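The structure appears right after this line, and notes come after that.
The values are calculated or read from the model by the stated rules, or taken from the named source; none is laboratory data. Quantities reported herein were computed from a predicted structural model and do not represent experimental measurements. Reconstructed Cβ throughout: ideal geometry from the backbone, glycine too, with neighbour counts over all protein chains shown. Ligands, DNA and RNA are excluded from the accessible area calculation, which covers all protein heavy atoms including side chains. Shrake-Rupley method; radii C 1.70, N 1.55, O 1.52, S 1.80 Å.
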Amino acid sequence: YTVTVVRAASADVTLSVFTINGTEVADGDSINVGYGTTDVEVTVETNDPEAAYVVSGDTDLKAGENTVTVVVTAADGETTATYTVTVVVLPNTDAGVQSITINGNDVVDGDSLDLDYGTTEVEIVVVANDEAATVAIEGGTDLVSGENTVTITVTAADGETTETYTI
């Protein structure tokens, strides 16, 4: 007599290990990574060693929210589970400037600039290190004889970090 025993393939799609950049995560979690991060290291181990998985979204990351997905297919070939984590690439904190020009003259924080008599406004061009930073300029118009102050405030893309330049 010949008896054939067929064991059904496992339908287990659970994970024993799920980390992003060494930090343990779970489905639905959110994790922050530093500005400029373009990829993360995803480590996955399934409870069933015969289950397969595919990781997507762990490269070509952009500033803001990115989705990393792990799709696990059980050994039975039919049962699947999707695990999703939001990876937040934090915004830039650079509030520095590449250059400041007033009426075409390069200036730096603390400089003084002599203008012709009767000048009531100046053209101010500020180039921030990060193009996502915002620049606010006060004092470039309604100039009067004597000393006038131009204050330039650069706010980094994070919306919190600022630098102030005074001419």
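Restricting to the range 16-46, name every residue that is open to solvent by less than 40 Å² (accessible area, probe 1.4 Å) and under 14 Å from Thr82 (Cα atoms). Matches in the range 16-46: Phe18, Val25, Val44, Thr46. Selection within the range 151-161: residues that are modelled with pLDDT of 95 or more and surrounded by 14 or more Cβ atoms within 10 Å (Cβ to Cβ). The member of this set that is farthest from Asn92 (Cα to Cα) is Ile152.
With the structure loaded, tell me whether Glu65 is exposed (fewer than 13 other Cβ atoms within 10 Å of the Cβ), under 30 Å from Glu163 (Cβ atoms), among the charged types (D, E, K, R) and out of contact with any Phe, Trp or Tyr (no Cβ under 8 Å at 6 or more places or on another chain) or whether it fails that test. So Glu65 passes the test. Figure legend. Inter-residue proximity from the range 38-51: first residues within 20 Å of Gly77 (Cβ to Cβ), second residues open to solvent by 90 Å² or more (accessible area, probe 1.4 Å), beta-carbon distance below 7 Å, spacing 6+ or different chains. Indicated pairs: Val44/Tyr53; Thr46/Tyr53. Can you work out which of the residues in the range 100-126 that are among the hydroxyl-bearing types (Ser, Thr, Tyr) and more than 19 Å from Ala136 (Cβ to Cβ) is surrounded by the most Cβ atoms within 10 Å (Cβ to Cβ)? The extreme case among them is Thr119.
Among the criteria (1) assigned to a strand (DSSP E or B); (2) surrounded by 16 or more Cβ atoms within 10 Å (Cβ to Cβ), the one Leu143 does not fulfil is (1).
Which ones in the range 47-62 are surrounded by 15 or more Cβ atoms within 10 Å (Cβ to Cβ) and within 28 Å of the chain's Cα centre (by Cα)?
Just the residues of the range 47-62 that are surrounded by 15 or more Cβ atoms within 10 Å (Cβ to Cβ), to begin with: 48, 51, 53, 55, 57-58, 61.
Answer for the range 47-62, where residues must be surrounded by 15 or more Cβ atoms within 10 Å (Cβ to Cβ) and within 28 Å of the chain's Cα centre (by Cα): Tyr53, Val55, Gly57, Asp58, Leu61.
Criterion first (of a type in the set (D, E, K, R), open to solvent by 40 Å² or more (accessible area, probe 1.4 Å) and closer than 30 Å to Ala8 by Cα) does Glu78 satisfy it? So Glu78 passes the test. Residues in the range 109-129 that are among the acidic types (Asp, Glu) and at pLDDT below 95: Asp109, Asp111, Asp114, Asp116, Glu121. Among the residues of the range 1-15, those that are in a loop (DSSP other than H, G, I, E, B) and under 48 Å from the mean Cα position of the chain (by Cα) comprise Ala8, Ala9, Ser10, Ala11, Asp12, Val13, Thr14. Taking the range 60-130 as the region of interest, the strands (runs of 3 or more DSSP E) fully inside it that hold 3 or more residues being under 30 Å from Asn21 (Cα atoms) are 64-73, 80-89. Before we move on, is Ala95 within 17 Å of Ala11 (Cβ to Cβ) and either of a type in the set (Val, Ile, Thr) or open to solvent by less than 60 Å² (accessible area, probe 1.4 Å) (or both)? Criteria not met by Ala95.
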